């Protein structure tokens, strides 16, 4: 069968605490051996000066399929993932219909297999029809392949339902992933409530709206022994709450997006709707708190919250333009440029949050280059400088605030299951 | 009906703008240029001049997505007095209810030949969105609580006419600062021209963060009243509030209404403005609104003059480089 020998790369695999220059042999779709000098019938990849890592994993992606194929499809979304160095993604259930049945999970898995780009895992709804009233058929969804549960887009609002979700998911060992927002505090909100918002007169989304919901969820997770995964944290307050909860042993994990550790609410001064997302871009203090949370391990994962919207939807008045930006194709460059280059994180720390940690949250045997593991590998050029050009995106949408940005670091080879899927 | 040219003088060197979207980034020089020209238009209007046909051949469109009587009428009059054509477009009678986007609507009107678009919209930034996507001049006539530059200019013009200068004056804006575009435009213009600005109102509507922008804030009208030169009484924007941010109108009036008792404790020459439409008895009692310190009706006259000046200035770019040249 096929063999690939990746030569002279700096292999960084946080799952094995490995960081050394070596050769890595892939055989029959699996990681076969290290330190192999050469092999017969073999494709060679010269990784001199490059980083070889487990394929990146993004557990917060909106593929929009089924229902909003004008924004993204499973084909285009997974192609965008490959372009960004991701070999596995988990998609969110706020589709139309929402992913609350085995049939919809099957649809996604089959369409992803047919697309043949990256691995796609499914996060299914906590509640039937994402209505926040009754639990979805979580056991059967897990049998169909769901790996986590969320009503993302909206929070699980009813505290009793959230408690039941924690209790019920406990027997399957799965996390309840919540979008943390107290809706009464964010009505008509467009941007973070702060100084820029005071000047612009736009509706405010206070950090407290996130903090209060994270507090509630931590209390419920603590009371039930359930597993809370806090989606897209953005406020210093909620990071503080999560840090304290972890210290006293509450089972809580958390994720942050590149835009929340990169941009601030000041960006909205241009009134560009590509800076409108939920949770919103916040002040510099919150950005610093996100970086601290990544440094001390309070935040486990870096995710994109890839949220495609067709151009005509975003080109509207700011209150009508939908929340969200795409992120799969810029995430790695932002991690390198904004976290690694300034010295906030080293490569191992950063890759841990893009590989093994997210794999553990969704409970899949990915994110590692251990012998015998699936050969999902990314080769990263850490030095290459490139300009973000939405015209080159594989995603069907172009709603990014990073157009024209100069970034450092990019995936140059992406291997999924032993097959080279991207080469640049 | 009299029609004769007025001596406007040359176009100010400092003026390069094709749009007027807000006062926040206008320089003192630019603000003064508008005010000076507005003074000249005002003199002509007061002298009985009805037409100053400097903009004949220009088409102005009032693109109003929110209700307005005063501002729209004022812009229409200003455009017509300058000899321009002026048409009105209001959202309720438009294809917006059929799902057309705001950009498409505006582009359609532009394609019909509009040179200037005067835009009012509930959402901050919409005039900016149109300015980025259209070729014509865009004037912000109020974008949600963000800015209302011509209102700010006419308030400032009224103060300057009564006092000669803005430098060193203490101007208090009272009421619903949170939801007021008039407050924001006044704040930027007044500060740039050297006035000290106080925002005053209930703590649910006045953010302490204003002090980070070098604006004093106060919750007590009675405390600040003795040192205020100009009082601008903002309308309570009941339509922009979800939940009333104070317990009752009665309590608001008790704490903030400008009445005869408060007037007695103010400086003798205090100037009272209100951008209107006023809620009589809420922000100001009728005797004060109609009294000698009040400049409320002067503001309205000044509104036409300011808008003539703004229309003349922003379209100067069109006159300098006519389409097709």
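FYI, it's all coordinate maths here, none of it is from the lab. Computed from a predicted model, the values in this text were never measured in an experiment. Note: ideal-geometry Cβ built from the backbone for every residue, glycine included; neighbour counts use all protein chains shown.
For segment A:159-188, there are no residues whose amide N sits under 14 Å from a probe point set 7 Å from the Cα of residue A:128 along the beta carbon direction. Here the calculated FRET efficiency for residue A:35 and residue A:296, from their Cβ-Cβ distance with R0 = 35 Å, stands at 0.55, rounded to the nearest 0.05.
Helical runs assigned H by DSSP (4 residues or longer) give the protein assembly as shown a calculated mean residue ellipticity at 222 nm of -9000 deg cm²/dmol, each run adding -39500 (n - 2.57) before division by the residue total. Cβ crowding within 10 Å ranks A:130, B:50, A:251 as B:50, A:251, A:130, fewest other Cβ atoms first.
Between the alpha-carbon centres of segment A:1-52 and segment A:325-346 there is a gap of 24 Å. For segment A:290-326, backbone nitrogen atoms closer than 20 Å to the point 7 Å from residue A:270 Cα along Cα-to-C-beta are found at A:306-326.
Set the Förster radius R0 to 35 Å, insert the Cβ-Cβ distance between residue B:165 and residue B:287 as r into 1/(1 + (r/R0)^6), and round the FRET efficiency to 0.05. It comes out at approximately 0.75.
With both residues required to sit in the protein assembly as shown, DSSP beta bridges show an antiparallel share near 30%.
Shielding by partners for peptide B:118-124, expressed as the average number of C-beta atoms from other protein chains within 10 Å of each residue's C-beta, is 4. The ranking of A:157, A:168 by Cβ neighbour count inside 10 Å, starting from the fewest, reads A:157, A:168.
Take the Cα of residue A:312, step 7 Å toward its Cβ, do the same at residue A:171, and the gap between the two points is 4.8 nm. Projecting label points 7 angstrom from Cα along Cα→Cβ for residue A:248 and residue A:70 puts them 4.9 nm apart. Please list, in order, the residues from segment B:196-221 whose amide nitrogen is less than 17 Å from a point placed 7 Å along the Cα→Cβ vector of residue A:208. Under 17 Å, as judged by backbone N against the label point of residue A:208, lie B:202-210 of segment B:196-221.
Peptide B:203-210: average number of partner chain Cβ atoms within 10 Å per residue?
Details: counts 0, 0, 0, 0, 6, 0, 6, 3.
Mean number of neighbouring Cβ atoms from other chains: 2.
Residue exposure proxy: A:184, A:210, ordered by other Cβ atoms within 10 angstrom of their Cβ from fewest to most, comes out as A:184, A:210. The angle separating the long axis of helix A:284-295 from the principal Cα axis of greatest extent in chain A is about 40 degrees.
Note on residue A:160 and residue A:365: the extension gain reaches 70.6 nm, defined as 0.36 nm multiplied by sequence separation minus the Cα-Cα distance. Relative to the current alpha-carbon distance between residue B:260 and residue B:73, full extension at 0.36 nm per residue lengthens the span by 64.1 nm.
Once you reduce segment B:134-206 and segment B:50-71 to the center of their Cα atoms, the two points are 22 Å from each other. Between residue A:110 and residue B:216, the FRET efficiency from the beta-carbon distance, with R0 = 56 Å, is close to 0.30.
In chain A, the longest principal axis of the Cα atoms and the axis of helix A:159-170 are about 20 degrees apart.
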